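The values are calculated or read from the model by the stated rules, or taken from the named source; none is laboratory data. Keep in mind the model is a prediction, meaning the values are calculated, not measured. Here Cβ is always computed from backbone atoms with ideal geometry, including for glycine, and neighbour counts include all displayed protein chains. Accessible surface is based on the protein model in full, side chains and every heavy atom, while ligands, DNA and RNA are left aside. Shrake-Rupley method; radii C 1.70, N 1.55, O 1.52, S 1.80 Å.
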Amino acid sequence: MKKAIKCGVFGLFRGAAHITSILQNDGDVVAVCDRDEEKLENARKLLGDKVACYKDFDEFINHPGLEAVVLANAFDGHVPFAIKALEKDIHVLSECISNGTMAEGVALVRAVEKSKAIYMVDENFAFMKFNWEIKKVYQGGTLGKLLYAEGEYNHPEMPGDDDVMRRYRPFPKHWRNYLPRSYYITHSLGPLMYITGAKPIRVTAMPVFAPNPSDSLMGLDVGDRAAIITTLNDDDSVFKLTGCAAFGAHGQSYRICGVKGQVENLRDGTDRILLSYNEWDTPQGVNRQSCYVPEWNDKDSALIEASGHGGGDFLVAREFLTCIRENKEPVLNVYLATTMASVGILAWRSILNGSKPYEVPDFRKEEDKIKYENDYLTPFYGPDGKEPTLPCCSRPDYKPDPKLVEEYLNVVTKK
Ligand SMILES: NC(=O)c1ccc[n+]([C@@H]2O[C@H](COP(=O)([O-])OP(=O)(O)OC[C@H]3O[C@@H](n4cnc5c(N)ncnc54)[C@H](O)[C@@H]3O)[C@@H](O)[C@H]2O)c1
């Protein structure tokens, strides 16, 4: 029997989903941490009285025998907690993005390089069924050399949806109220990097400014509905990405184009794949074009099928716990994680500076670490209430309609 790795989960909104995935993969959840008593109570109901519940991270991380933690606290707040865990050689699965500032990306890489523990970022969309299949096709080699790929994460929410506002941005200084459209980058870029192995080296971006009607998932100050990002990669290919967009209809889509053909998932809410070759490059015995729903063909197919985010939640936990058991470096390691974060952060600088291109650093290199080690620019409020140092809208002078602001405040302060 596999040894049950003793895990803790920090942040119990998104973090609650991790509990199930850990248990399904022969992990044990021995401790949880959230400042919100109601969320701790829900965890107690799920895990029983044996789970230790903490409100303070420093007490939680000292829980006896803790071997691994999942960080599912605020989007821009993972690094200080990751460093505390890594200093104790406790393995870290961090929610996206890995780091909210460039300087924190450097600090995180330095901490991982010093630690004996494994670090992995939770990029679960890379493990969705269609992406699993797209990876298999691409790595089979029939598409030829990678030239171009698209990754789109599109998550509009109905304007004025009180429930969404209360759940996803429960107080005025919450990170989603100040989330620039390029920052939530991993669900578009992560799958492309995971599938192809290509690594962005330059980034440029344009905003789609359209504040009305306002989208309920993001704050009113955000103003934009999308960031359209392009990267030039280390193999001369180009990616076109969104961060978290809110245009057209909800969904996520990926397309990989080689010299000989292309593979993509359909934007119809199914897991269908469309695989197409040029007539002169179609492999023998294969149709020039095929459209199909892939199969998992995995020992855990039933659990994967039932798991959140198209099977991605189960598979991320399986990968993380397997890497710990086998002392293996995850593909979604700190270098891939910080490259993704750099693309999201520097795409925003590009937008604020007339779509100027930025070189994407490689934090394996000391000179790239030094360049960014003191760069703490951020569009978010600090945990101590410190003001943002960057605007969160592509038009820095944009101010939302005061009536809408008042409506939002009424919604989140109403019990
Ligand atoms: N991979 C995915 O599919 C996916 C989906 C949703 C969210 N996320 C990521 O998960 C993370 C959390 O997202 P969310 O929507 O749950 O955010 P959230 O801000 O709604 O929830 C964070 C939780 O952490 C707790 N918390 C934060 N700081 C704390 C502290 N210092 N001490 C104790 N408790 C603290 C809060 O009380 C809250 O319950 C983000 O990084 C987000 O990007 C990923």
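What the table below lists for this structure:
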read-out: Residue match in the stretch 29-40 (condition: more than 8 Å from the ligand (Cβ to nearest atom), in a loop (DSSP other than H, G, I, E, B), of a type in the set (Gly, Ala, Ser) and not assigned by TED's automatic domain parsing to the domain that holds MET218); value: no
read-out: Subset of the stretch 95-114 [within 19 Å of GLU319 (Cβ to Cβ) and part of a loop (DSSP other than H, G, I, E, B)]; value: GLU95, CYS96, ILE97, SER98
read-out: Search result, residues across the stretch 369-410 that are touching a residue at least 40 places away in the same chain (Cβ under 8 Å), of a type outside the set (A, V, I, L, M, F, W, C), open to solvent by less than 90 Å² (accessible area, probe 1.4 Å) and more than 21 Å from SER182 (Cα to Cα); value: LYS369, GLU373, GLY385, ASP401, TYR408
read-out: The stretch 260-290, subset open to solvent by 70 Å² or more (accessible area, probe 1.4 Å) and under 17 Å from GLY140 (Cα atoms), residue farthest from the ligand (Cβ to nearest atom); value: GLN284
read-out: Condition met for PRO156 (open to solvent by less than 50 Å² (accessible area, probe 1.4 Å) and touching a helix residue (DSSP H, G or I) at 6+ places or on another chain (Cβ under 7 Å)); value: no
read-out: Elements of type strands (runs of 3 or more DSSP E) contained in the stretch 239-343, each with 2 or more residues being of a type in the set (A, V, I, L, M) and over 30 Å from GLU373 (Cα atoms); value: 273-277
read-out: Counted residues, the stretch 206-222 - those being surrounded by fewer than 19 Cβ atoms within 10 Å (Cβ to Cβ) and farther than 18 Å from ASP162 by Cα; value: 4
read-out: Failed item, numbered, when LEU336 is tested on (1) surrounded by fewer than 18 Cβ atoms within 10 Å (Cβ to Cβ); (2) within 16 Å of the ligand (Cβ to nearest atom); value: (1)
read-out: Cross-chain or 6+ apart pairs with Cβ under 7 Å, the stretch 119-134 first and closer than 13 Å to ILE97 by Cα, then of a type in the set (D, E, K, R) and within 15 Å of the ligand (Cβ to nearest atom); value: ASP122/GLU95; ASN124/ASP313
read-out: Neighbours by Cβ (under 7 Å, 6+ apart or cross-chain): first from the stretch 15-40, open to solvent by 10 Å² or more (accessible area, probe 1.4 Å); second aromatic (Phe, Trp, Tyr) and within 11 Å of the ligand (Cβ to nearest atom); value: LYS39/PHE13
read-out: Leading residue by the ranking (nearest to MET206 (Cα to Cα)) among those in the stretch 179-192 that are more than 12 Å from the ligand (Cβ to nearest atom) and hydroxyl-bearing (Ser, Thr, Tyr); value: SER182
read-out: Residues being open to solvent by 30 Å² or more (accessible area, probe 1.4 Å), in a helix (DSSP H, G or I) and more than 9 Å from the ligand (Cβ to nearest atom) - total across the stretch 81-94; value: 3
read-out: Members of the stretch 68-80 found to be in contact (Cβ under 8 Å) with a residue 40 or more places away in the chain, more than 9 Å from the ligand (Cβ to nearest atom) and either under 19 Å from the mean Cα position of the chain (by Cα) or open to solvent by 10 Å² or more (accessible area, probe 1.4 Å) (or both), listed by number; value: VAL69, VAL70
read-out: Among the residues listed as VAL316, VAL263, the single one being in contact with a helix residue (DSSP H, G or I) (Cβ under 9 Å, 6 or more places away or on another chain) and over 25 Å from MET120 (Cα atoms); value: VAL263
read-out: Residue in the stretch 52-67 that is outside any loop (DSSP other than H, G, I, E, B), buried (at least 24 other Cβ atoms within 10 Å of the Cβ) and within 16 Å of the ligand (Cβ to nearest atom) present; value: no
